[in-house]
1. Quick one: ranking LEU172, LEU82 by accessible area, 1.4 Å probe, largest first, what do you get?
2. Can you divide the C-alpha Rg of the stretch 68-113 by 2.2 N^0.38 Å and report the result to two decimal places?
3. Rule-of-thumb check for the chain: C-alpha Rg over 2.2 N^0.38 Å?
4. How big is D, in µm² s⁻¹, for the stretch 182-225 by Stokes-Einstein at 20 °C and 1.002 mPa s if Rh is the Kirkwood radius over C-alpha pairs?
5. Taking a probe of 1.4 angstrom, what is the accessible area of LEU118 in Å², to the nearest 10?
6. Please state, rounded to one decimal and in Å, the Kirkwood hydrodynamic radius that the stretch 94-224 gives when every pair of distinct Cα atoms enters the mean of 1/r.
7. ILE256: accessible area at probe 1.4 Å, nearest 10 Å²?
8. Where in the chain lies the longest segment free of GluC sites (Glu not before Pro) that are both loop residues by DSSP (not H, G, I, E, B) and have at most 16 other Cβ atoms within 10 Å?
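The values are calculated or read from the model by the stated rules, or taken from the named source; none is laboratory data. In this text the structure is predicted, and so the values were computed from the model without any measurement. We place every Cβ from the backbone using ideal geometry, glycine too, and count neighbours over all the protein chains shown. With ligands, DNA and RNA removed, areas are computed over all heavy atoms of the protein, side chains included. Shrake-Rupley method; radii C 1.70, N 1.55, O 1.52, S 1.80 Å.
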Amino acid sequence: MARVAGVSQRTVSNVVNDYAYVRPETRERVLDAMAMLGYVPNAAARSLRSARTGLIAFVVPDFRARIFADLADPVVREAEALGYTVLIELTGSDRERELAVLTGGRNQLTDGAIMMALSLRPGDGQRRRADFPIVLMGDEVLEGEVHHVGIPNRDASTAVARHLAETGRRRLMLLGYDPDGGLTARTRVRGFLDGVTEAGLPTDETLLIRADWTREGGRQAIEQHIDTGGPMPDAIFAMNDSIALGTLRALQARDIRVPKDVAVVGFDDVEEARYSTPSLTSVSPDVESMAAHAVAMLHEQITGKTGGRASHVVVDFQLKVRESSQ
């Protein structure tokens, strides 16, 4: 290889390992020689020499909530741009499985992990294995040196209540209410109720409706509320888009017009929100920015090359107003 390219063995090694300080013309000669000889680098041998595998894990509860799938795509793209292959792991929101990821026990074959956890508690950060790079995405911030990329759930939920009040809605339902649930649920509840108070509207506890955070959960919850004679809202904030899409289906089946009779707003801005009938107003967190920050944070931990990035980042959001609340 080196003889064909007219360079030293060290130069060939530098090109194969993507060393930055190789002149472009030299790199091109080596790559041409590799192509001519049909040379393919031995990834396993390289990983043994570097103590890295080139694999990272993206760990999510499941794919029933579309936001996790929507995040997977930019995470994979950002990681591939840095030379990583992404393995997907599902925890089912099981606390022991999430703790196993945090402590590095489930990831012996990966260089690090990006995880969306729903069952961890702040003190669990002290259990993190110090030599295993990890970044959390979502609301939970753990004690200790655990990097984190968050969604502005409270501010976004307040913005939803403000939007509904500004469009003249006065009887606001919160669908998916769970005051004893995880941090994401509790934060969205607080933000929404803050917005209701800010708008000078009363908080009607009969319009705080529990529901499983799925399409079927949304459909069943609103149908049960209607069938048992509960007070009808003129607007519904569904705690995620899955609930909202199930709600739209249930309202249409009961000939309740959206948005004329009831406005509906979701959270996550999944792709289906743009194509539902009517199209769904939804909080749109900046998932591209979330993925970019998370992968960059993990890469810095893996390589030890810090770029001055903060260890805790909260991304921006937009409220995408569509037909369901206009």
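1. LEU82, LEU172
2. 1.24
3. Dividing the Cα Rg of the chain by 2.2 N^0.38 Å gives 1.23.
4. Answer from the Stokes-Einstein relation: 182 µm²/s.
5. 90
6. Working: mean 1/r = 0.0600 Å⁻¹.
Averaging 1/r across every pair of different Cα atoms and inverting gives 16.7 Å.
7. 30
8. Longest gap between qualifying sites, sites excluded: 1-142.
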